[in-house]
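Contents: one structure, followed by commentary.
The values are calculated or read from the model by the stated rules, or taken from the named source; none is laboratory data. Keep in mind the model is a prediction, meaning the values are calculated, not measured. All Cβ positions, even for glycine, are placed from backbone atoms using ideal geometry, and neighbour counts span all protein chains on display. Only protein heavy atoms, including side chains, enter the accessible area calculation; ligands, DNA and RNA are left aside. Shrake-Rupley method; radii C 1.70, N 1.55, O 1.52, S 1.80 Å.
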Amino acid sequence: MNDFRFAFRQLFKAPAFSILAVVTLAIGIGMNTAIFSLMHQLFLRGLPFHEPDRIIRLYGEAKERELKQLPFSVPKFWHYRDGQNVFSSIAGDWGNGFNLTGMGDPVQLLGWNVTANYFDLLGIKPILGRNFLPTEEGKIDAALVTESFWRKRFNSDPSVLGRSITLNGVPTTIVGILPNLPISWFGRDAEIFVVKPFELPGLTKERLMRGVSFIRCIRRLKPGVNIQQAQAAMPALEKSYREQHPETADNSWASVLVSVPEDITGDLRPAFIILLLAVSAVLLIACTNVANLLLVRFTGRRREIALRMALGAARQGIVRLFVIESTLVSLIAGGVGICLALETLSVVTKLAGNNVPLEGDVALEVPVLLFALGISILTGLAMGLYPAWQSSKTDLLDGLKDGGRAVSGSRGQQRLRRGLVATQVGLSVVLLAGAAMLISSFVRLSGQEAGFKSERVWAGGIGLPPAQYPKPDDTARFAERLLAELKSSPEVEATAITDSVPLTGAFAQSPYARTDGDPVPVNQRPLGLTRSISPGYFATLRIPLISGRDFTERDGIDKPLVVILSKATAKKLFPNENPLGRQILFGTDNGMGLPAEVVGVVGDVRSRELAKENEVEFYKPWAQRSGPFLNVMVRSATPPQHAAAIVRAALDRLDRTVPILQPSTLDSIVSDSLGRQRLMMGLLGVFAGIALLLAVVGIYGAVAYTVEQRTGEIGVRMALGAQTSDVLSLVVRQGMNPVLVGLALGLMGTFAIGQLIAAQLYKVSPHNPLLLGATAVVLVVAALLACLIPARRATLVNPIQALRAE
């Protein structure tokens, strides 16, 4: 306790040092705590399921056709459910929208169609009521709702069980209340779950049984079975499925097992590994910064150390005293860092938006606080132990002779200080170069032409209840009437309907083949991105028509099938040929698919990701491929937000019970599609800026302390005739030497980690010489300025006063 009290007094005696050290470490500890908190929620805390590591996601894939992460069809789900012996249970689901009517204004809710055993497999128990029964699957209109839905719609009324709500025009009985579910698995705002997993509106049972894939398949491993053993059992199931269902489109796909935690966060791991390395580098820079200051500070206390040892203090006691001082600084910094982490998390959560599956506001939970405490203690020990040990090696006689004179430490200590500065600079170079590459990559990606014009375009989803619109021609007629109503508005420049809006992540794929020659079987065909659109779609998005014609109202449900190709598709399928008038087979009907005539070619659109081109993209008339869910798009002469009222008014004239789901502007959709890249760029940019600032402060502090401790030497040099330029050159040269060494090491380190960051870059080389050169220039200029200020102060030393002090 005496050592703690003395350490407190020493810190209060040197407020400038204490504040600088605490702030420096607080930044490093706070940033690490914030990133660890994110990683704890995403990767470490786990899903609120029973033994989530034993829940497996099953995908289909066909590597030879570049098909990956494919869902299951109904016949394949049934076959794998009944023919295996490595899983204790198998369940499936698929996302759906539900129109809720009869409870005020109609609203559209998000939810899932699930198998009866779904929540039993996950280990989720209702907080009220029960889960689905096996006898209800596909037969009973029953629903489970979430706690948030129950509180919002029924004011937490416990008598809600057994009550009926109208979903998609069908009375549905509530049988249970589920706890609020993780958005990382179910998505945001999922509130309704029904027990009809093997029905897909718009498709007949005959078409579903041909291998249309839409089910997310999950399984729980039997006790004693691991994922490798389960994977080894898949080839036998694949073979028997091919033999029993030779006509289905998915019978040639291999089966791939992935654990549910990995399935959710797999594509996030590389990005967060980079962030973890970056924030660790920030902490290391902060530690080296403060360790350098401690070494100088402890060295300047040689007389105190000598007096303590002369009075009988052991060397271990001296080391303990100084380590307690450094740990005390680190613990105070840890407390400040936790406050900084809270502020950082609030900003990061907003930046992440819907691009990272964070469960609401990220809080500092007990494991995170323990992490902050642990990292604070380890930081204090790590940065204080060596300086304390080195400083305790003071020669007793020399220390007492030195009196109050300042000294610069032994050669070994000076080499260590230079090494610490070089380490800071090297790490800063790596972070600055990485941030520069990500910023350059983001700028290039933001400026990438999408192939369509997003300004002044509004989009919103509409779900038509199957009970009211049971047939494709019903939905087609509704779409035609809606477009007619919208076109009559003077504020609407163009309008169209599509099954999916570009860059929203929604898309459909269909097997395709040319009709000429000998088409390969359906189960060996590639899948092509297929979009259903109404006439006016290309005009609404300003997609150029290269050749042929656009769709018209004559391309109806009872007319010959037609298709429009993207430019890249035409080049791939019909190289050096005119594609107009040619035939392409689509789908699985008749075992071979139905032929559609090519009537036009349009410009390429990056509709799935801005960073990737679509090699194949087909457009079909909405009337010939319509479903119960549609997206209406409006290009308006006024700000696009006003289009929502226009669409609502048009819907009210047609069907007041139909709500609008997720209205947005196309500009916002394009911006949101870059959310993950924006988050990475922002965080790494902040870390790089902090690293540069800490490195500059560290260089300045080390040089300034050295100048202060060498005041006598500088006075002697000036008394012996040294000019101002000589002193200036001496201080700057000695200050810049470790900087240049660190710069060289940092550039080598940037080349070494280039492959780690390459996957996050778009059209930017991880070894771009211009960016590396700019990074080096920025750091050298900053370091030079940090050296010049104390160097200038050194030239103002009065030789007489300096010698008198000696």
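Before we move on, is residue 653 open to solvent by less than 20 Å² (accessible area, probe 1.4 Å) and more than 25 Å from residue 568 (Cα to Cα)?
No; evaluated as a whole, the condition is false for this residue.
Could you check segment 779-806 and list, in sequence order, the residues that are more than 19 Å from residue 705 (Cβ to Cβ), open to solvent by less than 90 Å² (accessible area, probe 1.4 Å), assigned to a helix (DSSP H, G or I) and modelled with pLDDT under 85?
799, 803
Restricting attention to segment 99-108, report how many residues are under 32 Å from the mean Cα position of the chain (by Cα) and open to solvent by less than 10 Å² (accessible area, probe 1.4 Å).
1
Of the numbered conditions (1) under 30 Å from residue 293 (Cβ atoms); (2) open to solvent by 40 Å² or more (accessible area, probe 1.4 Å); (3) not hydroxyl-bearing (Ser, Thr, Tyr), residue 468 satisfies every one except a single condition; which is it?
(1)
Is it the case that some residue within segment 266-283 is within 17 Å of the chain's Cα centre (by Cα), farther than 30 Å from residue 691 by Cα and not hydroxyl-bearing (Ser, Thr, Tyr)?
Within segment 266-283 (the criterion being within 17 Å of the chain's Cα centre (by Cα), farther than 30 Å from residue 691 by Cα and not hydroxyl-bearing (Ser, Thr, Tyr)), the answer is no, since none of the residues qualifies.
For the condition β-branched (Val, Ile, Thr) and modelled with pLDDT under 90, what is the one hit in 522, 492, 457, 501?
So the residue among 522, 492, 457, 501 that is β-branched (Val, Ile, Thr) and modelled with pLDDT under 90 is 522.
Can you pull out the residues in segment 132-150 that are buried (at least 20 other Cβ atoms within 10 Å of the Cβ) and over 18 Å from residue 467 (Cα atoms)?
Residues satisfying the conditions are 132, 144, 145, 146, 149, 150.
Looking only at segment 209-232, which residues are among the small types (Gly, Ala, Ser), open to solvent by 30 Å² or more (accessible area, probe 1.4 Å) and either in contact with a strand residue (DSSP E or B) (Cβ under 6 Å, 6 or more places away or on another chain) or in contact (Cβ under 8 Å) with a residue 12 or more places away in the chain (or both)?
Within segment 209-232, just 213 meets the criteria.
In segment 127-139, is there at least one residue being among the small types (Gly, Ala, Ser), over 30 Å from residue 246 (Cβ atoms) and free of Cβ contacts under 8 Å to residues at least 24 places away in the same chain?
Taking every residue of segment 127-139 in turn, none turns out to be among the small types (Gly, Ala, Ser), over 30 Å from residue 246 (Cβ atoms) and free of Cβ contacts under 8 Å to residues at least 24 places away in the same chain.
Among residues belonging to segment 499-524 that are of a type in the set (D, E, K, R) and touching a residue at least 24 places away in the same chain (Cβ under 8 Å), point out the one that is least open to solvent (accessible area, probe 1.4 Å).
That would be 499.
With the condition kept exactly as written, say whether any residue in segment 735-754 is under 30 Å from residue 674 (Cβ atoms), without any contact (Cβ under 8 Å) to a residue 24 or more places away in the chain and open to solvent by 30 Å² or more (accessible area, probe 1.4 Å).
Taking every residue of segment 735-754 in turn, at least one turns out to be under 30 Å from residue 674 (Cβ atoms), without any contact (Cβ under 8 Å) to a residue 24 or more places away in the chain and open to solvent by 30 Å² or more (accessible area, probe 1.4 Å).
Restricting to segment 704-723, give me the number of residues that are touching a Leu at 6+ places or on another chain (Cβ under 9 Å) and either crowded, with 21+ Cβ neighbours inside 10 Å or in contact (Cβ under 8 Å) with a residue 60 or more places away in the chain (or both).
Here the count works out to 6.
Any chance segment 62-73 includes a residue that's acidic (Asp, Glu), farther than 23 Å from residue 135 by Cβ and without any contact (Cβ under 8 Å) to a residue 60 or more places away in the chain?
Looking through segment 62-73, at least one residue is acidic (Asp, Glu), farther than 23 Å from residue 135 by Cβ and without any contact (Cβ under 8 Å) to a residue 60 or more places away in the chain.
Tell me which residues, restricted to segment 766-792, are within 13 Å of residue 693 (Cα to Cα) and without any contact (Cβ under 8 Å) to a residue 40 or more places away in the chain.
If the condition is that a residue be within 13 Å of residue 693 (Cα to Cα) and without any contact (Cβ under 8 Å) to a residue 40 or more places away in the chain, then 781 is the only one that fits.
Name the residue, out of 79, 50, that is in a helix (DSSP H, G or I) and surrounded by 14 or more Cβ atoms within 10 Å (Cβ to Cβ).
One residue alone meets the criteria, 79.
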